[in-house]
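Visitor: Next up is a structure, given as structure tokens.
Read the figures in this text as sums done on the coordinates, not as results from a lab. Since the structure is predicted, the reported quantities are computational estimates derived from the model, not experimental observations. Note: ideal-geometry Cβ built from the backbone for every residue, glycine included; neighbour counts use all protein chains shown.
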């Protein structure tokens with residue numbers, strides 16, 4: 001996409017037209033959907049693709065010789081190539097379909113972790129991780145005696161880089177961190193992290209669940225070893241995700257689950273595993289989800305990630321400006337390098353009450369710990385309210401959020 | 001349509017702002033912790049019972065949303081001087097009120113607690129209102145594990 005095209009910006013009305021769910025009223029008000037970090041809405045093309053698959057193409061993949069099976073296999077594998085292109089992986093052998101980013105991380109923990117890590121080795125994560133990038137490592141640590149080390153975050157919600165450098169030691173065997181924080185919006189300096197880890201021969205996993213709908217991700221440019229993706233947070237269906245991993249790593253990893261599709265030959269004495277990526281895709285996959293995800297990445301690419309990022313940056317800048325001027329409001333997460341998330345607390349009104357009151361104004365936000373309880377502890381709050389933006393949100397919607405906050409504040413005054 | 005003001009009635013807002021019996025109790029005869037992981041409501045409930053099983057004193061500490069704080073505050077007001085059996089019976093009636101169908105009239109024998117009947121219209125908030133009651137029951141039953149609403 002040329003600079004001039006990005007400059008032209010989003011045709012927001014056209015984008016909104018692509019999302020049928022946005023055009024409804026909630027409690028008598030036009031819906032303002034600001035819970036995109038939890039899940040994004042789906043464009044009509046994704047909904048249509050999933051429906052077309054079930055109404056016209058449904059058959060199992062990789063086994064039938066009949067027309068429908070060939071068709072669904074073609075679309076399933078076509079989606080794999082679309083995802084490959086979207087994140088610029090070298091090969092479709094590096095694109096493993098899983099149930100979500102959570103399963104992608106669990107796969108790495110159980111397959112790579114159990115076969116490569118031992119007692120006394122260390123895994124390095126940060127203090128801003130989602131539970132899904134904490135608990136799989138804790139499970140692994142219990143199984144192997146590996147030790148989990150945590151890089152603290154500062155008052156702005158950035159990782160303490162000096163501490164990262166200190167904790168990255170000769171015992172470190174893996175670094176795992178969020179590309180972008182779901183609770184704070186912070187974008188980690190992942191390229192530098194990868195370079196520093198690699199200088200010590202340590203592979204890096206990035207939890208990309210939050211990043212892929214907002215940032216252009218190029219796994220070759222990042223030189224990242226593992227990258228976890230969630231389809232439903234990037235306009236795709238729920239129940240599907242991607243593990244990107246470098247081919248050499250996948251080759252050296254044992255299967256995660258056993259079953260059909262992941263084998264080339266089975267006898268009761270010995271089983272030969274299938275080639276990549278199928279070695280890691282046991283059982284009939286979520287075919288409709290995969291094809292829907294393929295459509296979603298095409299849609300994102302057609303709108304343009306850089307254009308989306310610029311639009312969301314403007315929304316966040318406007319929201320931040322209004323938040324800073326709002327009496328009694330404290331933003332949680334003020335890193336310079338952040339995207340599309342405004343997490344905050346309002347004096348005198350608990351986030352959960354805010355959630356209910358805003359809902360009655362038609363404004364959907366998230367209230368709670370955002371599956372990142374250690375982040376809440378770090379900032380000394382039980383919960384935050386979180387407005388998270390996507391490509392289809394508007395400046396007017398941000399203003400509706402603040403109107404609703406004023407209303408809530410009056411109610412509790 | 002149900003109005004937000006039915007949920008956040010003046011009494012609720014007032015009890016949230018200035019919760020009654022909001023302190024620790026060093027000489028409590030029993031206590032329990034309650035936790036609602038959905039919104040981070042946390043409370044500790046203290047009870048002092050006399051030999052006849054009458055609640056002589058009751059208090060709580062913690063943090064949470066307006067519904068959970070107001071509900072705990074109102075509960076402590078209502079339970080002082082009640083027997084264990086009366087407290088459990090009141091819990092049952094309260095539970096019935098917050099989970100009853102909105103098309104039915106709210107039960108009438110709940111006195112001041114009736115201000116929380118609006119919770120019926122907000123299913124995601126029922127746990128907030130009932131957390132303190134579950135915690136009270138657990139304290140009376142001497143459970144050590146913290147109460148969780150999910």
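Visitor: Let's test this: bin the Cα-Cα distances of segment B:61-150 at 5 Å from zero up to the farthest pair and state each bin's percent.
Guide: Per 5 Å bin, starting at zero, the Cα-Cα P(r) for segment B:61-150 comes out as 2, 14, 26, 26, 19, 9, 2, 0 percent.
Visitor: Further question on the same structure: Can you give the log10 of the normalised intensity I(q)/I(0) at q = 0.09, 0.12, 0.14 Å⁻¹, computed with Debye over equal Cα scatterers of segment A:47-302?
Guide: Log10 I(q)/I(0), no solvent term: -0.40, -0.70, -0.93.
Visitor: Of the beta bridges DSSP finds with both residues in segment A:187-316, what % are antiparallel, to the nearest 5? Could you put the intermediate results ahead of the total?
Guide: Working: 8 of 11 bridges.
Percentage antiparallel, nearest 5: 75.
Visitor: Let me ask another. Say R0 is 51 Å: what FRET efficiency, to the nearest 0.05, do residue B:27 and residue A:116 get from their beta-carbon distance? Please list the in-between numbers first.
Guide: Numbers: r = 56 Å, r/R0 = 1.10.
Efficiency, rounded to the nearest 0.05: 0.35.
Visitor: What are the extents of the Cα atoms of the protein assembly as shown along their three principal axes, in Å, largest first?
Guide: Principal extents (Cα only, largest first): 75, 55, 53 Å.
Visitor: If you don't mind, there's one more thing I want to ask. With r defined as the distance between the Cβ atoms of residue A:318 and residue A:257 and R0 fixed at 45 Å, what FRET efficiency is calculated, to the nearest 0.05? Before the final figure, lay out the partial values.
Guide: Values: r = 46 Å, r/R0 = 1.02.
Calculated value: 0.45.
Visitor: Also: Shielding of B:59-68 by partners, i.e. mean partner chain Cβ atoms within 10 Å per residue? If you can, show how the numbers build up before the last one.
Guide: On the way: counts 0, 0, 0, 1, 4, 5, 11, 10, 4, 3.
Average neighbour count from other chains, rounded to a whole number: 4.
Visitor: With a 10 Å Cβ neighbour count serving as the proxy for reagent exposure, in which order, fewest first, do A:50, A:147, B:98, A:395 appear?
Guide: Values: A:50 20, A:147 17, B:98 24, A:395 14.
With the fewest neighbours first, A:50, A:147, B:98, A:395 line up as A:395, A:147, A:50, B:98.
Visitor: By how many nm would the segment from residue A:63 to residue A:91 grow when fully extended, if each residue of separation counts as 0.36 nm and the alpha-carbon distance is taken off?
Guide: Values: separation 28, 0.36 × 28 = 10.08 nm, distance 2.24 nm.
Computed gain between residue A:63 and residue A:91 is 7.8 nm.
Visitor: In addition: Averaged over A:348-359, how many beta carbons belonging to a partner chain fall within 10 Å of each residue's beta carbon? Kindly include the intermediate steps, with their values, before the conclusion.
Guide: Numbers: counts 3, 3, 12, 3, 13, 15, 2, 4, 11, 4, 0, 3.
Partner Cβ neighbours, averaged per residue: 6.
Visitor: Remind me, what semi-axes does segment A:34-150 give for its equivalent ellipsoid, largest first in whole Å, using sqrt of 5 times each Cα gyration tensor eigenvalue?
Guide: Working: eigenvalues 253, 75, 31 Å².
Largest first, segment A:34-150 gives 36, 19, 12 Å.
Visitor: Please average, across the residues of B:36-48, the number of beta carbons from any other chain that are within 10 Å of each residue's own beta carbon, and give a whole number. Before the final figure, lay out the partial values.
Guide: Values: counts 3, 3, 5, 11, 12, 4, 1, 0, 0, 0, 0, 0, 0.
Counting other chains' Cβ atoms within 10 Å and averaging over B:36-48 gives 3.
Visitor: How far is the Cα center of segment B:1-50 from the Cα center of segment A:82-140, in Å?
Guide: About 41 Å separates the Cα centre of segment B:1-50 from the one of segment A:82-140.
Visitor: Using Cα springs under 10 Å in a Gaussian network model of chain A, which residue among A:239, A:157, A:380 shows the largest mean-square fluctuation?
Guide: With Cα springs under 10 Å in chain A, the top fluctuation among A:239, A:157, A:380 is at A:380.
Visitor: Related question: How far apart, in nm, are two points set 7 Å out from the Cα along the Cα-to-Cβ line at residue A:200 and at residue A:170?
Guide: 1.2
Visitor: For chain B, evaluate the Debye formula with one uniform point scatterer on each Cα (no solvent term) and list log10 I(q)/I(0) at q = 0.16, 0.21 Å⁻¹, rounded to two decimals.
Guide: Debye output, listed in q order: -0.80, -1.39.
Visitor: Which ordering of A:265, A:159, A:376, A:128 is given by a fewest-first count of other beta-carbon atoms within 10 Å? Don't jump to the answer; show the numbers that get you there.
Guide: Working: A:265 9, A:159 24, A:376 19, A:128 29.
Going from least to most buried by this count: A:265, A:376, A:159, A:128.
Visitor: In degrees, nearest 10, range 0 to 90: what is the angle between the Cα axis of helix A:67-87 and the longest Cα principal axis of chain A?
Guide: With both axes taken from Cα atoms, the answer is about 60 degrees.
Visitor: Going 7 Å from the Cα of residue B:3 in the Cα-to-Cβ direction, what parts of segment B:88-117 have a backbone nitrogen less than 18 Å from that spot?
Guide: Residues B:106, B:115-117 fall inside that zone.
Visitor: As I understand it, the value is the acute angle between the Cα axis of helix B:84-99 and the longest principal axis of the Cα atoms of chain B; what does it come to in degrees, rounded to 10?
Guide: With both axes taken from Cα atoms, the answer is about 20 degrees.
Visitor: Relative to the longest principal axis of the C-alpha atoms of chain A, give the angle of the C-alpha long axis of helix A:305-324, reported between 0 and 90° and rounded to the nearest 10°.
Guide: The angle comes out near 40 degrees.
Visitor: Give, in nm to one decimal, the length gained when the segment between residue A:403 and residue A:81 is fully stretched (0.36 nm per residue of separation minus the Cα-Cα distance). Before the final figure, lay out each step's value.
Guide: On the way: separation 322, 0.36 × 322 = 115.92 nm, distance 4.44 nm.
Computed gain between residue A:403 and residue A:81 is 111.5 nm.
Visitor: Pick from A:15, A:151, A:193 the residue whose mean-square fluctuation is largest in a GNM of chain A, springs joining Cα atoms under 10 Å.
Guide: Greatest mean-square fluctuation among the candidates belongs to A:15.
Visitor: Which residue, A:164, A:97, A:268, tops the fluctuation ranking in a GNM of chain A built on C-alpha contacts under 10 Å?
Guide: Per the Cα network of chain A with a 10 Å cutoff, A:268 tops the list.
Visitor: Please compute the contact order of chain A in relative form: average sequence separation of alpha-carbon pairs under 8 Å and at least six residues apart, divided by the residue count, as a percent.
Guide: Numbers: 795 pairs, mean separation 95.3, N = 413.
That works out to 23 percent.
Visitor: By counting other Cβ atoms within 10 Å of each Cβ, how are B:103, A:69, B:138 ranked from fewest to most? Mind showing how you got there, number by number?
Guide: Details: B:103 6, A:69 17, B:138 20.
The most exposed by this proxy come first: B:103, A:69, B:138.
Visitor: Where both partners of a DSSP beta bridge lie in the protein assembly as shown, what percent of those bridges are antiparallel, to the nearest 5? Intermediate values should be presented prior to the final figure.
Guide: Numbers: 44 of 65 bridges.
Given both bridge residues lie in the protein assembly as shown, the antiparallel proportion sits at roughly 70 percent.
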